[in-house]
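The values are calculated or read from the model by the stated rules, or taken from the named source; none is laboratory data. Note that the structure is a prediction, hence the values are computed from the model and not measured. Every residue, glycine as well, gets a Cβ built from its backbone with ideal geometry; the counts of neighbours run over all protein chains shown.
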Amino acid sequence: MVSRHERQVASERRREAMAVLARASGSDLIALWNEAGLPDDAETLRGPETGLVTVRGRMGGGGAAFNFGEATVTRATVKLPTGEVGHAYALGREKVKVRVAALVDALRQKPDLQEQIEEKILVPLRERLAEADATRRAETAATKVDFFTMVRGED
């Protein structure tokens, strides 16, 4: 019997993997999927379909919530012949990316494929996302002005 803690850990790992799949670029995910050679015999239950979601915001991060605008989101749900169901949502209109992400989510639920998916798809995606974040941080840091170290010229 699986303990409550083990279910919670598995749920958190799935959530993190789904976040990586959602943030990854479509070209990276599809290229890694094609290289991995994983089975693609899933039935499509929903989508991939594109729609809008309302984005909520708060003034100053803590004020009253308000409707900020809308964002385009694509979603898909697939079911493997063995019964595992995979879901995926991602910003944008990349239907192929979202279907592949749903397949990865479904296949990842199979214990015999978890390690293979981790090594061939999720680890490279995490590395690419970390590199992109580091590049963005470096570009942003280059424009930072530190007002406390500026000399006023009043010697």
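Remark: pairs (first residue in segment 92-119, closer than 16 Å to SER11 by Cβ; second residue at pLDDT below 90 and assigned to a helix (DSSP H, G or I); Cβ separation under 6 Å; 6+ apart in sequence or on different chains) = ARG108/GLN114.
For segment 14-29, a residue qualifies if it is surrounded by fewer than 17 Cβ atoms within 10 Å (Cβ to Cβ) and farther than 30 Å from ALA65 by Cβ, and the qualifying residues are SER25, SER27, ASP28.
Within segment 49-77, track down each residue that is at pLDDT below 90, surrounded by 10 or more Cβ atoms within 10 Å (Cβ to Cβ) and of a type in the set (Gly, Ala, Ser). Listed by number, the list holds a single entry, GLY57.
Working only within segment 1-45, note down all residues that are closer than 20 Å to GLU119 by Cβ, touching a residue at least 24 places away in the same chain (Cβ under 8 Å) and assigned to a loop (DSSP other than H, G, I, E, B). Listed by number, the residues that qualify are ALA24, SER25, LEU38, PRO39, ASP40.
In segment 78-85 there is no residue matching the filter, namely being out of contact with any helix residue (DSSP H, G or I) (no Cβ under 9 Å at 6 or more places or on another chain), hydrophobic (A, V, I, L, M, F, W, C), over 22 Å from VAL123 (Cα atoms) and at pLDDT 90 or above. Do we have any residue at all in segment 112-124 that's under 16 Å from the mean Cα position of the chain (by Cα), closer than 29 Å to LEU52 by Cβ, among the hydrophobic types (A, V, I, L, M, F, W, C) and surrounded by fewer than 17 Cβ atoms within 10 Å (Cβ to Cβ)? No, every residue in segment 112-124 fails to be under 16 Å from the mean Cα position of the chain (by Cα), closer than 29 Å to LEU52 by Cβ, among the hydrophobic types (A, V, I, L, M, F, W, C) and surrounded by fewer than 17 Cβ atoms within 10 Å (Cβ to Cβ).
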